[in-house]
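Notes to accompany the following structure.
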Amino acid sequence: MGFKLPIIDISSFVNKESQESDRLLVVQQIRDACLVHGFFYLVGHGVQQELIDRLDSLSRLFFQLDEETKQKYRMELGGKAWRGFFSLGGELTSGKPDMKEGLYLGQELEQDHPLPIHGPNLFPTEVEGFKATILEYIDQITQLGHRVMEALSLSLNLDSQYFSKNYTADPLILFRIFNYRTQVADDASERWGVGEHTDYGLLTILYQDNIGGLQVKVPNQGWIPAPPIKNSFICNIGDMLERVTGGLYRSTPHRVALNTTGKDRLSFPIFFDPNFNAKVRPIEGIETSDNSTERWDKSSVFSFEDTYGQYLLKKIGLVFPDLKSQALDTTNNPIKPTAY
Ligand SMILES: O=C(O)CCC(=O)C(=O)O
Ligand SMILES: [Fe+2]
């Protein structure tokens, strides 16, 4: 038997009337998972399968539209809100084009929102019900994210509201719908669905369809698959949780294999991140252990002093170089950090 990622039933954090002993068990399971690799499945999450299935089928309808129609929603038109469609190869996660297309979404905000990465979505009108379904999904997963953060706080012996008080009362929520179109497996070893990376924020909650391809780098085990499990989400921790915990919980490298299965693969990650203006700091008194020389990108999650938003903008500039120069370049118009 190979190494398997843990499956955690989060229902005692989702349901108000639950036993303290059940909650303690979840806290312990989360702590164990985060100390080892920071990847776990969530079941008992309370999100209706009907909503997920609806989102899945409407997303397929969108990706089946012709390229010209999808280009009506291209990311360049989203401007600094950083929302919209990008076509196959449009994102460079590990410095090379990923073999996926995607629709970038987030909280639905006003057109003249002052911050980058905040603003209105570009909802494809060709797909009836897509907008309402996306917004319902974002809302439900955001609620789930708050519950997971409570368990995570407790797993660090902190008050359950530690993260919500300091960083996520108004979290930055980004949502992506990816389509890994099936490819001919000629030089498959050279191409990836998504190259090796860690996620930037606190927590990622991902739904994947039944195709598979996600892989996780587990210390002392190497790359192991994170296969689809029915009615579950995959949760993984990002760079900001590594920063807060001084490296006690590490953000875990992961990647997606090139899809050559003959069927398209859809995945739906939601990034549950600190408020854009938050200055993320290590927990008071915690010792910091920097492993940046071993990291996939050799950069340190501890060395910057900016807000989370500034950190994120720099990262986005690396994976969407064209977009950065067009829409997100703030060098002439710096955003001032405000106390959060
Ligand atoms: O599609 C997946 O399974 C993973 C996507 C991912 O890692 C990401 O968007 O950060
Ligand atoms: Fe990721």
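Figure legend. Inter-residue proximity from the stretch 80-101: first residues without any contact (Cβ under 8 Å) to a residue 12 or more places away in the chain and on the phi > 0 side of the Ramachandran plot, second residues β-branched (Val, Ile, Thr) and more than 15 Å from ligand 2 (Cβ to nearest atom), beta-carbon distance below 6 Å, spacing 6+ or different chains. No pairs are indicated. For the stretch 226-274, a residue qualifies if it is within 16 Å of ligand 2 (Cβ to nearest atom), hydroxyl-bearing (Ser, Thr, Tyr) and either open to solvent by 10 Å² or more (accessible area, probe 1.4 Å) or touching a Ser or Thr at 6+ places or on another chain (Cβ under 8 Å) (or both), and the qualifying residues are SER251, THR252.
Exactly one condition in (1) surrounded by fewer than 18 Cβ atoms within 10 Å (Cβ to Cβ); (2) at pLDDT 95 or above is not met by ASP187; state its number. That leaves (2) as the condition not met.
This table checks each residue for (1) away from ligand 1 (no atom under 11 Å from the Cβ); (2) farther than 25 Å from ASP98 by Cα; (3) within 17 Å of the chain's Cα centre (by Cα); (4) part of a loop (DSSP other than H, G, I, E, B).
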| position | (1), (2), (3), (4) |
| --- | --- |
| LEU206 | no, no, yes, no |
| ASN210 | yes, no, no, yes |
| ILE224 | yes, no, no, no |
| ASN236 | no, no, yes, no |
| TYR249 | yes, yes, yes, yes |
| PHE276 | yes, yes, yes, yes |
| ILE286 | yes, yes, no, yes |
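Summed over the stretch 129-162, residues that are open to solvent by less than 60 Å² (accessible area, probe 1.4 Å), assigned to a loop (DSSP other than H, G, I, E, B) and without any contact (Cβ under 8 Å) to a residue 12 or more places away in the chain total 1.
Of the set (1) under 21 Å from the mean Cα position of the chain (by Cα); (2) surrounded by fewer than 21 Cβ atoms within 10 Å (Cβ to Cβ), all apply to GLU126 but (1).
The stretch 2-114 holds strands (runs of 3 or more DSSP E) entirely within its bounds, and those carrying 2 or more residues that are open to solvent by less than 20 Å² (accessible area, probe 1.4 Å) map to 39-43, 84-86, 101-106.
The values are calculated or read from the model by the stated rules, or taken from the named source; none is laboratory data. This is a predicted model, so every value here is computed, not measured. All Cβ positions, even for glycine, are placed from backbone atoms using ideal geometry, and neighbour counts span all protein chains on display. We work out accessible area using only protein heavy atoms, side chains counted, and drop any ligands, DNA or RNA first. Shrake-Rupley method; radii C 1.70, N 1.55, O 1.52, S 1.80 Å.
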